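A short write-up of the structure that comes next.
The values are calculated or read from the model by the stated rules, or taken from the named source; none is laboratory data. Keep in mind it's a predicted model, so treat the numbers as computed, not measured. Neighbour counts are summed over all protein chains in view; Cβ atoms, including those assigned to glycine, are modelled from backbone coordinates with ideal geometry. Keep in mind that these areas ignore ligands, DNA and RNA; they rest on the heavy atoms of the full protein, side chains included. Shrake-Rupley method; radii C 1.70, N 1.55, O 1.52, S 1.80 Å.
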Amino acid sequence: MLEIKDLHVRYGQAQALKGISLTVGEGEIVALIGNNGAGKTTLLNTVSGLIRCASGDIEFEGEKLIRTSSEAIVRLGIIQVPEGRLIFPDLTVRENIRLGAFTRKGDLAADFDRVFTLFPILKERAKQPGGTLSGGEQQMLALARALMARPKLLLLDEPSLGLAPVIVERIYQTITEIHEEGTTVLLVEQNAFVALTTADRAYVIEAGRIVLSGPASELIENQDVRKAYLGG
Ligand code: ATP
């Protein structure tokens, strides 16, 4: 579904991605794990058209993306949930969710029903300003907003960031449900444990390069991965 080939991205003189290749098949959850500054956000931002690459190729369902606008990429069905959620604090929860449907025409009732079933707390808080929600609820809101676009491929940037373990578990349960309903997921995480226990396959990125890849169940047993990302 998504194929990235030999992707290079620079910020001025600094090389953030140094020849990344990876694939995401339809129906998979793929995780990209790596430490702070490894290039995870840069990769997602390049796929969603927010950053231009210096060289390489990105194809989604056979269409080349590297010169496509971020709005056109959204219309193709690639939706990103950014790091730090980036919700609108002064808009209500319902208004924040509604914004995710900006590419859609017609009745959104079934979509609101779906997200309120997945996240009942958002239904309870629908009239509250988004900024009054807890961190975990804001992550749910960011996911709900993304689902309103009916994504084919969901790009999740550190959904566990800054959340207590019990909330992380809840968010990941929902990511699994969203996936089971038919959405393909590419997620990036510093929290390797939660990513590897959720994903089908994973890639490990270090300083802009993929250093390991394979089934998540194998990577979680890998000695190097255990030492570097799972505390031994
Ligand atoms: P984090 O978990 O901190 O978001 P990351 O793995 O997502 O880390 P990136 O944010 O993609 O990493 O950063 C990759 C490299 O590119 C880092 O060295 C970072 O300092 C650099 N970088 C990121 N954004 C910019 C920018 N706008 N200008 C210059 N350098 C940048």
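Mind listing just one residue for me: the one in segment 154-179 that is acidic (Asp, Glu) and in a helix (DSSP H, G or I) and, of those, most open to solvent (accessible area, probe 1.4 Å)?
Selected residue: 169.
So which residues in segment 72-105 are open to solvent by 70 Å² or more (accessible area, probe 1.4 Å), modelled with pLDDT under 90, farther than 21 Å from residue 41 by Cβ and not basic (Lys, Arg), if there are any at all?
Matches in segment 72-105: 102 only.
What are the residues in segment 60-115 that are without any contact (Cβ under 8 Å) to a residue 12 or more places away in the chain, among the basic types (Lys, Arg) and more than 26 Å from residue 8 (Cβ to Cβ), if any?
105
Do you know which residues across segment 63-82 are over 15 Å from the mean Cα position of the chain (by Cα) and β-branched (Val, Ile, Thr)?
Result: 66, 68.
Mind listing whichever residues of segment 1-22 are near the ligand (Cβ under 10 Å from one of its atoms) and not polar (S, T, N, Q)?
Matches in segment 1-22: 9, 10, 11, 12, 14, 16, 17.
Taking the condition within 22 Å of residue 219 (Cα to Cα) and modelled with pLDDT of 95 or more, does residue 41 pass?
Against the criterion (within 22 Å of residue 219 (Cα to Cα) and modelled with pLDDT of 95 or more), residue 41 qualifies.
Return the only residue of 194, 188 being open to solvent by less than 30 Å² (accessible area, probe 1.4 Å), assigned to a strand (DSSP E or B), within 16 Å of the ligand (Cβ to nearest atom) and at negative phi. Explain how you work it out, then say what you get.
Details: 194 fails: assigned to a strand (DSSP E or B).
Going through 194, 188 in turn, the sole match is 188.
I'm trying to understand the selection: among the residues of segment 23-49, which are touching a residue at least 40 places away in the same chain (Cβ under 8 Å), in a strand (DSSP E or B) and more than 14 Å from the ligand (Cβ to nearest atom)?
Across segment 23-49, the qualifying residues are 24, 29, 30.
All but one of (1) among the hydroxyl-bearing types (Ser, Thr, Tyr); (2) away from the ligand (no atom under 16 Å from the Cβ); (3) surrounded by 13 or more Cβ atoms within 10 Å (Cβ to Cβ) hold for residue 69, so report the exception by its number.
(3)
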